[in-house]
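**Student:** First the structure, which I've put down as structure tokens, then a few questions once you've had a look.
The values are calculated or read from the model by the stated rules, or taken from the named source; none is laboratory data. Predicted model, so just to flag it, every value in this text is computed and none were measured. Cβ placement follows ideal geometry from the backbone for every residue including glycine, while neighbour counts extend to all protein chains displayed. Areas reflect the complete protein model, heavy atoms only, side chains present, ligands, DNA and RNA absent. Shrake-Rupley method; radii C 1.70, N 1.55, O 1.52, S 1.80 Å.
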Amino acid sequence: MTITQDPWETLHTTALLGTDRRPLPATALPFADAVDQGDPATALLELAALATVRRRAGALPVPATEPPGPPAAEDPRPELPEPAARRLAVLLSGRTGSGGGTLANLAELLPQWLDTARERGLRPPAALVPGLLDAARARSELRPDAVALAGPLGRWLAERNPDWRFVLRTATAEPPRQPTDDRLWHEGLFAERVTHLTLLRRRDPAAGLELLRGTWSTERAEDRLLFLDALQDGLSAADEPFLEAALGDRSKNVRATAAELLSTLPGSALARRMAERARAAVRLADTGTHLLVTPPAECDAQMQRDGIAPKSPTGRGERAWWFGEVVAAAPLSLWPRSTGLTPEQLLALRVGDSIDETTSSWADDLREAWARAAVRQQDADWARALLGPAPVAERGARARSPRTTGAPAKLLAVLPPEERAVWTAAFIRVHGLGEAFQLLGACATPWTPPLSTAVVAALARAAASGAYPWSHSGVLGMTERALAPETAAAVEELAAGAAPDSAWSETFARLAGTLRFRAAMLAELAG
């Protein structure tokens with residue numbers, strides 16, 4: 001019995017072996033006469049091209065499949081206004097429209113469009129949902145807003161297209177559907193399980209905890225760590241027994257995470273233990289004029305169980321490391337209660353060593369630990385005290401940055417949005433934009449008009465000083481996305497006043513065009 005090899009397979013085998021090892025069996029190919037056999041390699045490529053056309057021309061329609069199940073659930077949200085839908089199509093395609101090269105990268109404006117459309121409770125036209133899901137597949141930071149906007153249709157499509165499976169494991173602020181059973185928890189992929197637990201914790205924290213408790217002992221250490229993170233949603237005193245037990249976990253990362261979660265619960269047993277250690281490490285001198293520091297002499301087994309590593313991962317001295325960890329985990333309410341002083345008064349005190357009261361080497365360690373505690377416990381009073389008052393320019397004095405220990409931007413993020421904007425605007429008026437990048441990143445977007453005005457004025461000063469725009473590239477990229485669109489006219493004035501064809505002229509023209517684009521974009525979404 002003779003087996004005739006498919007022409008395509010014949011060409012494929014020859015290509016793998018090489019024409020010098022396996023000559024073309026030209027007589028076996030029905031279209032061999034159509035090519036020149038002079039150069040075997042060239043002939044192979046030409047035959048492959050002909051075979052490809054032949055295969056495609058001979059394709060037959062596939063049999064009809066069953067209908068893809070019931071249609072997507074109804075979406076009661078109003079559809080986008082037509083101009084907003086057209087704008088979304090432009091943003092998804094990356095086209096700049098009539099603005100040409102005078103606009104920012106439109107991909108950077110898509111997150112703001114999605115966030116605003118989601119806040120307005122709108123839904124995109126069905127024809128744009130696939131493009132929206134493709135964009136979210138490529139950029140994970142878009143997924144929460146994109147999945148929420150895609151709504152029931154997006155989930156329906158994701159169940160039928162493996163490329164969009166991320167939709168089924170993306171947790172959104174408003175869960176699109178409530179988990180009806182725990183099958184996904186036991187059978188799903190890891191990311192799907194995390195999403196399932198997160199959504200359940202938002203709806204019913206006790207049920208989420210019970211679900212995690214049921215499989216905790218069989219989970220891998222790296223999975224236990226991320227599942228523990230999911231408990232931040234709805235965290236309360238009811239979670240304390242489980243977290244207290246997790247302090248004995250065999251994974252040090254799990255122990256550390258459990259300890260951090262417990263330290264945010266002021267009434268927890270761990271918080272009380274840390275308070276006792278902190279009280280022993282810092283006390284008010286009998287004179288009431290300064291604080292005395294006695295750092296821990298060792299990291300005993302109980303401290304290690306409460307999440308304090310015996311070796312510093314940062315290279316700091318061990319006693320300084322233990323001291324910082326203890327104070328950062330202690331309730332901030334401890335200090336005013338035990339000393340009768342406000343945060344501002346405590347921060348104004350001199351800090352000395354309990355052995356040598358003239359030494360202040362522990363002052364920065366103490367302030368940094370308090371700053372970490374303020375961020376962890378979201379304590380606005382302490383964050384405000386640690387940041388200090390908003391900077392004020394002093395006539396004839398050289399501007400100095402305020403003394404803030406740790407990460408000022410993290411402290412700023414603890415304050416209400418309006419207060420953040422006021423403090424940052426004052427900082428920029430005094431210190432300019434050079435040190436303001438992270439502070440601006442902590443401010444809610446779009447920036448308030450006063451903050452936007454301060455930024456535009458600082459850009460004008462930078463341009464007048466002769467600095468090059470790329471020395472402010474980080475802030476400039478942020479301004480395109482965050483400046484209040486109402487500042488477009490002021491930026492256009494800067495563009496008109498800059499030297500023609502200069503870098504600043506082009507920068508201001510681009511920024512003004514982007515602000516006009518954003519203004520139109522937001523107006524369309526407002527209907």
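**Student:** Which is closer than 30 Å to LEU209 by Cβ, surrounded by 14 or more Cβ atoms within 10 Å (Cβ to Cβ) and among the basic types (Lys, Arg), of ARG255, ARG283, ARG279, ARG250?
**Tutor:** Working: ARG283 fails: closer than 30 Å to LEU209 by Cβ; ARG279 fails: closer than 30 Å to LEU209 by Cβ; ARG250 fails: surrounded by 14 or more Cβ atoms within 10 Å (Cβ to Cβ).
Only one candidate qualifies: ARG255.
**Student:** Separate question: Any residue at all in the stretch 344-355 that is loosely packed, with under 15 Cβ neighbours inside 10 Å, in contact (Cβ under 8 Å) with a residue 12 or more places away in the chain and in a helix (DSSP H, G or I)?
**Tutor:** Yes, the conditions are met somewhere in the stretch 344-355.
**Student:** Pairs needed: first member in the stretch 213-240, on the phi > 0 side of the Ramachandran plot; second member anywhere, surrounded by fewer than 18 Cβ atoms within 10 Å (Cβ to Cβ); C-beta distance under 6 Å; at least 6 residues apart or different chains.
**Tutor:** Matching pairs, first to second residue: GLY234/PRO205.
**Student:** If LEU292 satisfies all but one of (1) open to solvent by 20 Å² or more (accessible area, probe 1.4 Å); (2) part of a strand (DSSP E or B), what's the number of the condition it fails?
**Tutor:** For LEU292, the failing item is (1).
**Student:** Only one of ALA385, ALA371 is crowded, with 17+ Cβ neighbours inside 10 Å, part of a helix (DSSP H, G or I) and in contact with a Lys or Arg (Cβ under 8 Å, 6 or more places away or on another chain); which?
**Tutor:** Values: ALA385 fails: in contact with a Lys or Arg (Cβ under 8 Å, 6 or more places away or on another chain).
After applying the criteria, what remains is ALA371.
**Student:** Which condition from (1) in contact with a Phe, Trp or Tyr (Cβ under 7 Å, 6 or more places away or on another chain); (2) modelled with pLDDT of 90 or more; (3) open to solvent by less than 30 Å² (accessible area, probe 1.4 Å) is the one that HIS196 breaks?
**Tutor:** It fails just one condition, (2).
**Student:** Could you grab me the full set of residues in the stretch 291-314 that are within 29 Å of the chain's Cα centre (by Cα) and within 15 Å of VAL254 (Cα to Cα)? Spell out the reasoning first.
**Tutor:** Residues of the stretch 291-314 that are within 29 Å of the chain's Cα centre (by Cα), as a first pass: 306-309, 312-314.
If the condition is that a residue be within 29 Å of the chain's Cα centre (by Cα) and within 15 Å of VAL254 (Cα to Cα), then ASP306, GLY307, ILE308, ALA309 are the ones that fit.
**Student:** Restricting to the stretch 120-159, give me the number of residues that are among the hydroxyl-bearing types (Ser, Thr, Tyr) and surrounded by 15 or more Cβ atoms within 10 Å (Cβ to Cβ). Steps first, please.
**Tutor:** Residues of the stretch 120-159 among the hydroxyl-bearing types (Ser, Thr, Tyr): 140.
In the following step, the residues that additionally are surrounded by 15 or more Cβ atoms within 10 Å (Cβ to Cβ) were identified as none.
Summing the residues that are among the hydroxyl-bearing types (Ser, Thr, Tyr) and surrounded by 15 or more Cβ atoms within 10 Å (Cβ to Cβ) in the stretch 120-159 gives 0.
**Student:** Scanning for something modelled with pLDDT of 75 or more, open to solvent by less than 80 Å² (accessible area, probe 1.4 Å) and out of contact with any strand residue (DSSP E or B) (no Cβ under 7 Å at 6 or more places or on another chain), does the stretch 95-103 turn up at least one residue?
**Tutor:** Keep residues of the stretch 95-103 that are modelled with pLDDT of 75 or more, which gives none.
No, every residue in the stretch 95-103 fails to be modelled with pLDDT of 75 or more, open to solvent by less than 80 Å² (accessible area, probe 1.4 Å) and out of contact with any strand residue (DSSP E or B) (no Cβ under 7 Å at 6 or more places or on another chain).
**Student:** Condition first: part of a helix (DSSP H, G or I), open to solvent by less than 50 Å² (accessible area, probe 1.4 Å) and of a type in the set (Gly, Ala, Ser). Now tell me which residues in the stretch 490-507 satisfy that. Reasoning before the result, please.
**Tutor:** To start, the set of residues in the stretch 490-507 that are part of a helix (DSSP H, G or I) comprises 490-497, 503-507.
From what is left, the residues that are open to solvent by less than 50 Å² (accessible area, probe 1.4 Å) are 490-491, 494-495, 503-505, 507.
Correct list: ALA490, ALA495, ALA503, SER505.
**Student:** Please indicate, with yes or no, whether at least one residue in the stretch 216-230 is among the acidic types (Asp, Glu) and within 19 Å of MET274 (Cα to Cα). Break it down into steps so the answer makes sense when it comes.
**Tutor:** Pass one, the stretch 216-230, residues among the acidic types (Asp, Glu): 219, 222-223, 229.
In the following step, the residues that additionally are within 19 Å of MET274 (Cα to Cα) were identified as none.
Among the residues of the stretch 216-230, not one is among the acidic types (Asp, Glu) and within 19 Å of MET274 (Cα to Cα), which makes the answer no.
**Student:** Is it the case that TRP321 is free of Cβ contacts under 8 Å to residues at least 24 places away in the same chain and crowded, with 19+ Cβ neighbours inside 10 Å?
**Tutor:** Details: free of Cβ contacts under 8 Å to residues at least 24 places away in the same chain: yes; crowded, with 19+ Cβ neighbours inside 10 Å: yes.
So TRP321 fits the description; yes.
**Student:** Can I ask one more? Which is at pLDDT 75 or above, open to solvent by 40 Å² or more (accessible area, probe 1.4 Å) and under 30 Å from MET521 (Cβ atoms), of ALA85, ALA73, ALA49? Even if it seems obvious, please write down each step before you answer.
**Tutor:** Details: ALA85 fails: open to solvent by 40 Å² or more (accessible area, probe 1.4 Å); ALA49 fails: under 30 Å from MET521 (Cβ atoms).
Answer to the check: ALA73.
**Student:** Evaluate the following for ARG319: is it over 21 Å from ALA207 (Cβ atoms), among the basic types (Lys, Arg) and out of contact with any helix residue (DSSP H, G or I) (no Cβ under 6 Å at 6 or more places or on another chain)? Please lay out each step first, then the result.
**Tutor:** Working: over 21 Å from ALA207 (Cβ atoms): yes; among the basic types (Lys, Arg): yes; out of contact with any helix residue (DSSP H, G or I) (no Cβ under 6 Å at 6 or more places or on another chain): yes.
Answer is yes for this residue.
**Student:** Which condition from (1) surrounded by fewer than 17 Cβ atoms within 10 Å (Cβ to Cβ); (2) in contact with a Lys or Arg (Cβ under 8 Å, 6 or more places away or on another chain); (3) not in a helix (DSSP H, G or I) is the one that GLY307 breaks?
**Tutor:** (1)
**Student:** Here's a follow-up. Filter the stretch 212-226 for residues that are within 10 Å of VAL254 (Cα to Cα) and open to solvent by less than 20 Å² (accessible area, probe 1.4 Å) and give the result.
**Tutor:** Looking only at the stretch 212-226, we keep the residues that are within 10 Å of VAL254 (Cα to Cα), and these are 221-226.
Passing the criteria: ASP223, ARG224.
Okay, residues lined up against (1) open to solvent by less than 20 Å² (accessible area, probe 1.4 Å); (2) part of a helix (DSSP H, G or I); (3) under 21 Å from HIS431 (Cβ atoms):
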position: SER452; (1), (2), (3): yes, yes, yes
position: ALA457; (1), (2), (3): no, yes, yes
position: ARG461; (1), (2), (3): no, yes, yes
position: HIS472; (1), (2), (3): no, yes, yes
position: THR487; (1), (2), (3): yes, yes, yes
position: ARG510; (1), (2), (3): no, yes, no
position: LEU515; (1), (2), (3): yes, yes, no
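**Student:** Please give the number of the condition TRP362 fails out of (1) modelled with pLDDT of 80 or more; (2) surrounded by fewer than 21 Cβ atoms within 10 Å (Cβ to Cβ).
**Tutor:** Here TRP362 clears every test but (2).
**Student:** Could I ask something else about it? Quick check on this structure: which one of LEU265, LEU270, LEU243 is under 28 Å from the mean Cα position of the chain (by Cα), modelled with pLDDT of 95 or more and not polar (S, T, N, Q)?
**Tutor:** Working: LEU265 fails: modelled with pLDDT of 95 or more; LEU270 fails: under 28 Å from the mean Cα position of the chain (by Cα).
Criteria check complete, one pass: LEU243.
**Student:** Considering each residue of the stretch 476-485, count those that are part of a helix (DSSP H, G or I) and more than 16 Å from GLU506 (Cα to Cα), and give that number.
**Tutor:** Within the stretch 476-485, the first condition is being part of a helix (DSSP H, G or I), and the residues that meet it are 476-482, 485.
Going one step further and asking which of them are more than 16 Å from GLU506 (Cα to Cα), we end up with 478, 481-482, 485.
Residues in the stretch 476-485 being part of a helix (DSSP H, G or I) and more than 16 Å from GLU506 (Cα to Cα): 4 in total.
**Student:** Scan the stretch 331-343 for residues that are part of a loop (DSSP other than H, G, I, E, B), free of Cβ contacts under 8 Å to residues at least 60 places away in the same chain and surrounded by 18 or more Cβ atoms within 10 Å (Cβ to Cβ) and report the count. Steps first, please.
**Tutor:** First, the residues of the stretch 331-343 that are part of a loop (DSSP other than H, G, I, E, B): 331-333, 340-342.
In the following step, the residues that additionally are free of Cβ contacts under 8 Å to residues at least 60 places away in the same chain were identified as 332, 340-342.
With surrounded by 18 or more Cβ atoms within 10 Å (Cβ to Cβ) added as a condition, the list becomes 332.
Count: 1.
**Student:** Of the residues PRO391, PRO408, which single one is at pLDDT 85 or above, under 26 Å from the mean Cα position of the chain (by Cα) and open to solvent by less than 60 Å² (accessible area, probe 1.4 Å)? Write out each step before concluding.
**Tutor:** Details: PRO391 fails: under 26 Å from the mean Cα position of the chain (by Cα).
One residue alone meets the criteria, PRO408.
**Student:** What number of residues in the stretch 252-289 are polar (S, T, N, Q), touching a Lys or Arg at 6+ places or on another chain (Cβ under 7 Å) and in a helix (DSSP H, G or I)?
**Tutor:** Matching residues across the stretch 252-289 total 1.
**Student:** Here's another thing I want to ask about it. Identify, by number, the condition in (1) touching a residue at least 40 places away in the same chain (Cβ under 8 Å); (2) over 25 Å from ALA171 (Cα atoms) that THR264 doesn't meet.
**Tutor:** (2)
**Student:** I need the full set of residues from the stretch 425-443 which are under 19 Å from SER473 (Cβ atoms) and in a helix (DSSP H, G or I), in order please.
**Tutor:** ILE428, HIS431, PHE437, GLN438, LEU439, LEU440, GLY441
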